[in-house]
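The values are calculated or read from the model by the stated rules, or taken from the named source; none is laboratory data. This one's a predicted model, so the numbers in the text were calculated from it and none came from an experiment. Here the Cβ positions follow ideal geometry from the backbone for every residue, glycine too, while neighbour counts run over all protein chains shown.
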Amino acid sequence: MINARIGEVTDRIAKRSHDTRGRYLDRLAAAADNGPRRQKLGCANQAHGFAACGPGDKAMLRAGAAANLGIVTAYNDMLSAHQPYERFPELIRATARAAGGVAQVAGGVPAMCDGITQGEAGMELSLFSRDVIALATAVALSHQTFDAAVFLGICDKIVPGLVIGALSFGHLPAVFIPAGPMTSGLSNDEKAKTRQLFAEGKVSRDALLEAEAQSYHGPGTCTFYGTANTNQMVMEIMGLHLPGASFVNPNTPLRDALTKAAAERAMAITALGNDYTPVGRMLDERAFVNGVVGLHATGGSTNHTLHLVAMAAAAGIRLTWDDFADLAEATPLLTRIYPNGKADVNHFHAAGGMGFVIRELLGDGLLHRDVETVWGKGLDAYVQEPMLGADGALAWRDGAKSSGDEAVLRGAKAPFQPTGGLTLLTGDLGRAVIKTSAIARERHVIEAPACIFHSQEALQAAFKAGEIERDFVAVVRFQGPRANGMPELHKLMPPLGVLQDRGFKVALVTDGRLSGASGKVPAAIHVTPEAVDGGPIARIRDGDLVRLDAVAGTLTVQVDADEWAARRPAEADLEPSHWGVGRELFGSLRTKVGTADRGATIFSDFPA
């Protein structure tokens, strides 16, 4: 029995999306009716498509009866999370042949790392890379020679971009294949302490680099619960992964077995068989509600208040921040994973992981049980976990029925807090989101004078000069999608954390992003309308009393109404953010991009 609030929100999303979802499904059905398009291509087209294949694959493609599986990959060997994908195409090709089909790498998509670009100019391309990845996915699949596709991507903007691209080919089945997290190194808590000591000038750069190298030390995703690992949770709880696949470490026999099983499953759910499961039909409003509930229950990345909205819009579904807010009220927080606690995702996985979370949420009626998944009908299979049997074959067993560590993972009847990890803020400064799961309760309400900055570097300079040793709300503006691509403002957290630890009341208000870096300092982020559009955040002045109230869900400024109405929005010189490191190539995207609460996407034709 579904929880009444979950059911209510799902119903209103379905009603709101009736027309746009209907048109999307009509287009999907029309594409599916064409059958495997490759069989209708001209002879020259087909010959181009299999020219480089080996004799066996070529014969199967010439005959036209075997399933052809497209591989869309975000592989590169610079990024730890994506380096393991180097081996995956050959595993997938061999599996497809054994199943009587063919697999081909359809194309690659870019994969950039926010961890490398944080605080640098390249970060201003990060959010836009999501939409570039969606475009690249469409190019990869545009040859119309595939019956299904598997997607190799794991990190911040890559998975949402792949999902948007996959939904543009919604008549094809789509299976997402993770690579897994790196093994645990230096604890995230120790790493954060070293960063803060460096910000205070108490340790050297060499000491900081050594701490970072011990933390990020091998293949796989970073082990903290940021956007990359939130992506994996979302893919599993929405049924795009195999059960229990998200947090198995790279380059292990179990990881390889799961990769092969994912390829087998993709081959099994094409229109050529009896279990046809097109991704555009599978990802309905219930699946997206499950994704939002998972986000709240695990205290996931704030980036998904953008990504899930954009992904849903690609399927004709109108998901809003108000839906996030109402679902948060019904969803308990079940995990404490860094930055919301000291544990990393390997500890979470060992304590019971996704199988336990899904079991608890299903048991409390907080997830839609009867959704379609790539593994079959319903989420019940997702309370199981994968294992290797005595013969080395992949098998599933019942997942944990109790938490292995209640400091990391708890049941729905005794959660860390009764509501979800994210809160919507509204008020005379616009709309914003805040990640409350990492913030001490005594800091959920901050009222202090504003200190205005137009860059994170300006705040850092003020900190180093000792100019902000007091209570204040840092207003860092002109960081929205139209201004400079909406970068993640990672450089803000160490100095603000230092000042908070010194006993000052500190908070952040910005039209930029923080993502998984959202930590112990109260931060109202994604403020919309953004400053460059003349939003209220552009009218705040130094010394204005700003109130961030995560309990009441408000974001306000205490200025006389007549004075506030008479103020002109501030302006900023954004030219330095529009050139260099490729940023000049993204000018048209900055012009076209939508607002944060509509997913900050360039695909304005999608109904957000």
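Checked against the criterion of being without any contact (Cβ under 8 Å) to a residue 60 or more places away in the chain, on the phi > 0 side of the Ramachandran plot and part of a loop (DSSP other than H, G, I, E, B), the range 197-212 contains one or more residues that satisfy it.
Might you let me know whether the range 238-245 holds any residue that is on the phi > 0 side of the Ramachandran plot, without any contact (Cβ under 8 Å) to a residue 12 or more places away in the chain and of a type outside the set (D, E, K, R)? Let's see the steps before the verdict.
So the first thing to find is which residues in the range 238-245 are on the phi > 0 side of the Ramachandran plot, and the list is 239, 244.
Now narrow it down to the ones that are without any contact (Cβ under 8 Å) to a residue 12 or more places away in the chain: none.
Within the range 238-245, none of the residues are on the phi > 0 side of the Ramachandran plot, without any contact (Cβ under 8 Å) to a residue 12 or more places away in the chain and of a type outside the set (D, E, K, R).
Out of all the residues in the range 171-188, is one or more in contact with an Asp or Glu (Cβ under 7 Å, 6 or more places away or on another chain) and either surrounded by fewer than 23 Cβ atoms within 10 Å (Cβ to Cβ) or not assigned by TED's automatic domain parsing to the domain that holds Arg21 (or both)? Yes, the range 171-188 contains a residue that is in contact with an Asp or Glu (Cβ under 7 Å, 6 or more places away or on another chain) and either surrounded by fewer than 23 Cβ atoms within 10 Å (Cβ to Cβ) or not assigned by TED's automatic domain parsing to the domain that holds Arg21 (or both).
The single condition among (1) closer than 15 Å to Ala507 by Cα; (2) free of Cβ contacts under 8 Å to residues at least 24 places away in the same chain; (3) over 28 Å from the mean Cα position of the chain (by Cα) that Gly466 does not meet is (1).
The single residue among His296, His347 that is under 19 Å from Gly420 (Cβ atoms) and either touching a residue at least 60 places away in the same chain (Cβ under 8 Å) or assigned by TED's automatic domain parsing to the domain that holds Asp147 (or both) turns out to be His296.
Restricting the range 393-411 to residues that are of a type in the set (Gly, Ala, Ser) and in contact (Cβ under 8 Å) with a residue 40 or more places away in the chain, which is surrounded by the fewest Cβ atoms within 10 Å (Cβ to Cβ)? Please lay out each step first, then the result.
At the first step, the residues of the range 393-411 found to be of a type in the set (Gly, Ala, Ser) are 393, 395, 399-400, 402-404, 407, 411.
Subsequent filtering for residues that are in contact (Cβ under 8 Å) with a residue 40 or more places away in the chain retains 393, 399-400, 402-404, 407, 411.
On the way: Ala393: 10, Gly399: 20, Ala400: 17, Ser402: 12, Ser403: 19, Gly404: 15, Ala407: 13, Gly411: 19.
Taking the candidates together, the pick is Ala393.
Looking only at residues of the range 355-371 that are outside any loop (DSSP other than H, G, I, E, B) and either in the same structural domain as Ala262 (by TED's automatic domain parsing) or of a type in the set (A, V, I, L, M) (or both), we find that the one that is nearest to Met238 (Cα to Cα) is Ile358. Listed conditions (1) without any contact (Cβ under 8 Å) to a residue 12 or more places away in the chain; (2) surrounded by 13 or more Cβ atoms within 10 Å (Cβ to Cβ); (3) of a type in the set (A, V, I, L, M) are all met by Ala414, apart from (2).
Could you list all residues from the range 192-211 that are basic (Lys, Arg) and either touching a Ser or Thr at 6+ places or on another chain (Cβ under 8 Å) or within 11 Å of Pro495 (Cα to Cα) (or both)?
Of the residues in the range 192-211, the ones basic (Lys, Arg) are 193, 195, 202, 205.
Arg195 - this is the single residue of the range 192-211 that is basic (Lys, Arg) and either touching a Ser or Thr at 6+ places or on another chain (Cβ under 8 Å) or within 11 Å of Pro495 (Cα to Cα) (or both).
Among the numbered conditions (1) among the small types (Gly, Ala, Ser); (2) at pLDDT below 95; (3) surrounded by 24 or more Cβ atoms within 10 Å (Cβ to Cβ), the only one that Gly519 does not meet is (3).
Please report, ordered by residue number, the helices (runs of 4 or more DSSP H) entirely within the range 92-190 with at least 3 residues that are under 23 Å from Ile269 (Cβ atoms), of a type in the set (A, V, I, L, M) and touching a Gly at 6+ places or on another chain (Cβ under 6 Å).
Working: elements: 114-117, 126-141, 158-167.
It comes to 126-141, 158-167.
Of everything listed in (1) within 29 Å of the chain's Cα centre (by Cα); (2) modelled with pLDDT of 95 or more; (3) closer than 21 Å to Ile434 by Cβ, the single unmet condition for Leu514 is (2). Applying the criterion of being in contact with a Gly (Cβ under 8 Å, 6 or more places away or on another chain) and closer than 22 Å to Ala4 by Cβ to the residues of the range 313-329, the residue that is surrounded by the fewest Cβ atoms within 10 Å (Cβ to Cβ) is Glu329. From the list Leu333, Leu327, Leu306, the lone residue that is within 22 Å of Glu406 (Cβ to Cβ) and in contact (Cβ under 8 Å) with a residue 12 or more places away in the chain is Leu333.
The strands (runs of 3 or more DSSP E) located wholly in the range 475-550 that include 2 or more residues which are in contact with a helix residue (DSSP H, G or I) (Cβ under 7 Å, 6 or more places away or on another chain) and touching a residue at least 24 places away in the same chain (Cβ under 8 Å) occupy 506-510, 523-528.
Those residues that are of a type in the set (Val, Ile, Thr), part of a strand (DSSP E or B) and buried (at least 23 other Cβ atoms within 10 Å of the Cβ), I need them from the range 417-455; list them, please.
Going through the range 417-455, the residues of a type in the set (Val, Ile, Thr) turn out to be 419, 423, 426, 433-434, 436, 439, 445-446, 452.
This time we only want the ones that are part of a strand (DSSP E or B), so: 423, 426, 433-434, 445-446, 452.
Residues satisfying the conditions are Thr423, Val433, Ile434, Ile446.
The set of residues from the range 1-33 being basic (Lys, Arg) and either more than 19 Å from Asp322 (Cβ to Cβ) or modelled with pLDDT under 95 (or both) comprises Arg23, Arg27.
In the range 560-589, the residues that are in the same structural domain as Phe453 (by TED's automatic domain parsing) and of a type in the set (A, V, I, L, M, F, W, C) form Cβ pairs under 6 Å with partners that are assigned to a loop (DSSP other than H, G, I, E, B) and surrounded by 14 or more Cβ atoms within 10 Å (Cβ to Cβ), at six or more places apart or across chains, as follows: Ala572/His454; Ala572/Phe478.
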